[in-house]
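Asks: I am attaching a structure below and will ask some questions about it afterwards.
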Amino acid sequence: MMTLITLYSILITVLAYSVGRKIYHKHPSPFTTPVFFGTVTIIIVLQISGMDFKDYTPGKNIITYFLGPATVSLAVPLYKNISIITKYAVPAISGVISGLAVTLILALTIAKALSLPLYILQGLAVKSITVPIAIGITEIYGGDPNITAAFVILTGVLGAMIAPKLMDKLNVTMPFARGIAFGTIAHGLGTAQATQESEFTGAVAGAAMAISGIIISCLFPLINHFL
């Protein structure tokens, strides 16, 4: 049975995101993206109310549980547009691989130049894939799950904030291409932002997120060898 504090946690999360969506539609900006706005709002509410994050966690976990079915549901618009997906399958997969490679090389090059420790490098290596997979990988190789989660969430928030305007500036207007970019670089948070543009863009982002997780999972033993 849910406690009042758990219900309160769910309520402030849903309200923060819902308000963020309405504000974003009226005043689109990197700082009004629902993901960023919702995150900041929840932090402020927790600080003002004096609510401990441990008390907030049960409500968060309930919402997180429904991310699974929500992600699976993205397969419906993918199925409806199977002809488009088949047509652009090769460039899509190439885009995912290229995006992962560029972000990985840039992040690790900077980290190596600063002589950062191994657990930081491991966190940076998986920053563009979804949190459960990223944490699972780094734990297997002795990394710090807290550092990993921080890098993944920060990457997702920044990706959701910056990607829409950046793609607009670069004249990337095709929903399929935008979905690939969102899912590859900003995983689940990017996918959430992509669904603000269209159901199809969100579905493609979800597929790109899944492919990214599979690729990094398979290649991480090799990546870790060179860290």
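The values are calculated or read from the model by the stated rules, or taken from the named source; none is laboratory data. Keep in mind the model is a prediction, meaning the values are calculated, not measured. Here Cβ is always computed from backbone atoms with ideal geometry, including for glycine, and neighbour counts include all displayed protein chains. Keep in mind that these areas ignore ligands, DNA and RNA; they rest on the heavy atoms of the full protein, side chains included. Shrake-Rupley method; radii C 1.70, N 1.55, O 1.52, S 1.80 Å.
Asks: Report, by residue number, each residue of the stretch 14-35 that is under 18 Å from residue 56 (Cα atoms) and in contact (Cβ under 8 Å) with a residue 60 or more places away in the chain. First the steps, then the outcome.
Replies: Within the stretch 14-35, the subset under 18 Å from residue 56 (Cα atoms) is 14-17, 35.
Scanning the stretch 14-35 gives a single hit, 35.
Asks: What residue, of 172, 131, is β-branched (Val, Ile, Thr), out of contact with any Gly (no Cβ under 9 Å at 6 or more places or on another chain) and open to solvent by 20 Å² or more (accessible area, probe 1.4 Å)?
Replies: 172
Asks: Among the numbered criteria (1) touching a helix residue (DSSP H, G or I) at 6+ places or on another chain (Cβ under 8 Å); (2) assigned to a helix (DSSP H, G or I), which single criterion is violated by residue 168?
Replies: Every listed condition holds for residue 168 apart from (1).
Asks: Residues of the stretch 197-216 being open to solvent by 30 Å² or more (accessible area, probe 1.4 Å), touching a Pro at 6+ places or on another chain (Cβ under 7 Å) and either polar (S, T, N, Q) or closer than 15 Å to residue 137 by Cβ (or both), which ones?
Replies: Residue satisfying the conditions is 198 alone.
Asks: What is the residue count in the stretch 178-220 for residues that are farther than 30 Å from residue 23 by Cα and either outside any helix (DSSP H, G or I) or without any contact (Cβ under 8 Å) to a residue 12 or more places away in the chain (or both)?
Replies: Of the residues in the stretch 178-220, 3 are farther than 30 Å from residue 23 by Cα and either outside any helix (DSSP H, G or I) or without any contact (Cβ under 8 Å) to a residue 12 or more places away in the chain (or both).
Asks: Just checking, does the stretch 135-151 include any residue being open to solvent by 80 Å² or more (accessible area, probe 1.4 Å), closer than 22 Å to residue 193 by Cα and either not in a helix (DSSP H, G or I) or not polar (S, T, N, Q) (or both)? Even if it seems obvious, please write down each step before you answer.
Replies: Of the stretch 135-151, the ones open to solvent by 80 Å² or more (accessible area, probe 1.4 Å) are 139-141, 146.
Now drop any that are not closer than 22 Å to residue 193 by Cα, which leaves none.
The answer is no, given that none of the residues of the stretch 135-151 is open to solvent by 80 Å² or more (accessible area, probe 1.4 Å), closer than 22 Å to residue 193 by Cα and either not in a helix (DSSP H, G or I) or not polar (S, T, N, Q) (or both).
Asks: Out of (1) in contact with a Leu (Cβ under 8 Å, 6 or more places away or on another chain); (2) under 21 Å from residue 207 (Cβ atoms), the odd one out for residue 59 is which?
Replies: (2)
Asks: Report those helices (runs of 4 or more DSSP H) wholly inside the stretch 1-107 carrying at least 3 residues which are surrounded by 16 or more Cβ atoms within 10 Å (Cβ to Cβ) and either over 19 Å from the mean Cα position of the chain (by Cα) or among the aromatic types (Phe, Trp, Tyr) (or both).
Replies: 4-26, 34-49, 53-65
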